[in-house]
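Engineer: Input: one structure, supplied below.
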Amino acid sequence: MANSLQDQLMKAGLADKKQARRAKQAKREDANRAKRGEIEFEDPAERARRQRAEQAERDRALARENQERQREKEIAAQIRQLIEQHRLARNDADQSYQFVQDKKIKKLNVTARQQDQLARGLIAIVALGDRHELVPAPIAEKIRQRDEAVVVLLNEKGTGVDEDDPYADYPIPDDLMW
């Protein structure tokens, strides 16, 4: 009874030594592959469950990404709508107002009244695509809450007089331009 199945098959004439050698070699190769991890001895149900879990995680990540993209589009549409509804007309703009954007000096034609309002922080300059528009300061604050990069210039409203200002006694000329 100590004879292996292989020996019994050879004695019965159902297999020969060549087939026995091939079977041993195939068994050794399978064992080596299993050690190297080439063959997975995993339950098919477990593998299917794991694959479903991985697919569900990929789907959730894709849904989050799509949701984020959709939210960014909505914010951009809100900003565009705010600017287009509240932009100030510059039809008879005769003065150029200079401001800095991305380390470059830009010019925008404005009226004298708008230039004064820009200096006092009552209106702001915002970027809409490749052009610039003027909007009231409260609208610029709403835009800034959504995306700070769109608001190019919004001067802070000053309290007026600084008590320690050594030049308080000297008025600023009205025709001073930079």
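The values are calculated or read from the model by the stated rules, or taken from the named source; none is laboratory data. Because the structure is predicted, anything quoted here is derived from the model rather than measured. Note that each Cβ is placed from the backbone with ideal geometry, even for glycine, and that neighbours are counted across all protein chains shown. With ligands, DNA and RNA removed, areas are computed over all heavy atoms of the protein, side chains included. Shrake-Rupley method; radii C 1.70, N 1.55, O 1.52, S 1.80 Å.
Engineer: Of all the residues that make up the range 101-116, how many are assigned to a strand (DSSP E or B), more than 32 Å from the chain's Cα centre (by Cα) and crowded, with 20+ Cβ neighbours inside 10 Å?
Structural biologist: The first filter runs over the range 101-116 and keeps only residues assigned to a strand (DSSP E or B), leaving 101, 104-110.
Okay, now just the ones that are also more than 32 Å from the chain's Cα centre (by Cα), so 109-110.
Pick out the ones that are also crowded, with 20+ Cβ neighbours inside 10 Å and you get 110.
Result for the range 101-116: 1.
For (1) open to solvent by 90 Å² or more (accessible area, probe 1.4 Å); (2) assigned to a helix (DSSP H, G or I); (3) under 20 Å from Lys157 (Cβ atoms), each residue gets a yes or a no:
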{"residue": "Arg58", "(1), (2), (3)": "yes, yes, no"}
{"residue": "Ala63", "(1), (2), (3)": "no, yes, no"}
{"residue": "Gln67", "(1), (2), (3)": "yes, yes, no"}
{"residue": "Arg71", "(1), (2), (3)": "yes, yes, no"}
{"residue": "Gln85", "(1), (2), (3)": "yes, yes, no"}
{"residue": "Asp92", "(1), (2), (3)": "yes, no, no"}
{"residue": "Ser96", "(1), (2), (3)": "no, no, no"}
{"residue": "Leu118", "(1), (2), (3)": "no, yes, yes"}
{"residue": "Ile125", "(1), (2), (3)": "no, no, yes"}
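Engineer: Can you confirm whether the range 33-52 contains a residue that is under 22 Å from Ala149 (Cβ atoms) and open to solvent by 100 Å² or more (accessible area, probe 1.4 Å)?
Structural biologist: Filtering the range 33-52 for residues under 22 Å from Ala149 (Cβ atoms) gives none.
No - not one qualifying residue is present in the range 33-52.
Engineer: Those residues that are at pLDDT 85 or above, in contact with a helix residue (DSSP H, G or I) (Cβ under 8 Å, 6 or more places away or on another chain) and hydrophobic (A, V, I, L, M, F, W, C), I need them from the range 65-118; list them, please.
Structural biologist: Ile75, Ile79, Leu82, Ile83, Leu88, Val110
Engineer: Report, by residue number, each residue of the range 127-140 that is outside any strand (DSSP E or B) and farther than 15 Å from Gln85 by Cβ.
Structural biologist: Step one: filter the range 127-140 for residues outside any strand (DSSP E or B), giving 129-130, 137-140.
Answer for the range 127-140, where residues must be outside any strand (DSSP E or B) and farther than 15 Å from Gln85 by Cβ: Gly129, Asp130, Ala137.
Engineer: Which one is modelled with the lowest pLDDT, of the residues in the range 1-18 that are open to solvent by less than 100 Å² (accessible area, probe 1.4 Å) and among the charged types (D, E, K, R)? Write out each step before concluding.
Structural biologist: Of the range 1-18, the ones open to solvent by less than 100 Å² (accessible area, probe 1.4 Å) are 3-4, 6-10, 12-13, 15-16.
Keeping just the survivors that are among the charged types (D, E, K, R) gives 7, 16.
On the way: Asp7: 81, Asp16: 84.
The residue in question is Asp7.
Engineer: I would also like to ask the following. Kindly establish whether Gln81 is in contact with a strand residue (DSSP E or B) (Cβ under 7 Å, 6 or more places away or on another chain) and of a type outside the set (Val, Ile, Thr).
Structural biologist: Working: in contact with a strand residue (DSSP E or B) (Cβ under 7 Å, 6 or more places away or on another chain): no; of a type outside the set (Val, Ile, Thr): yes.
Criteria not met by Gln81.
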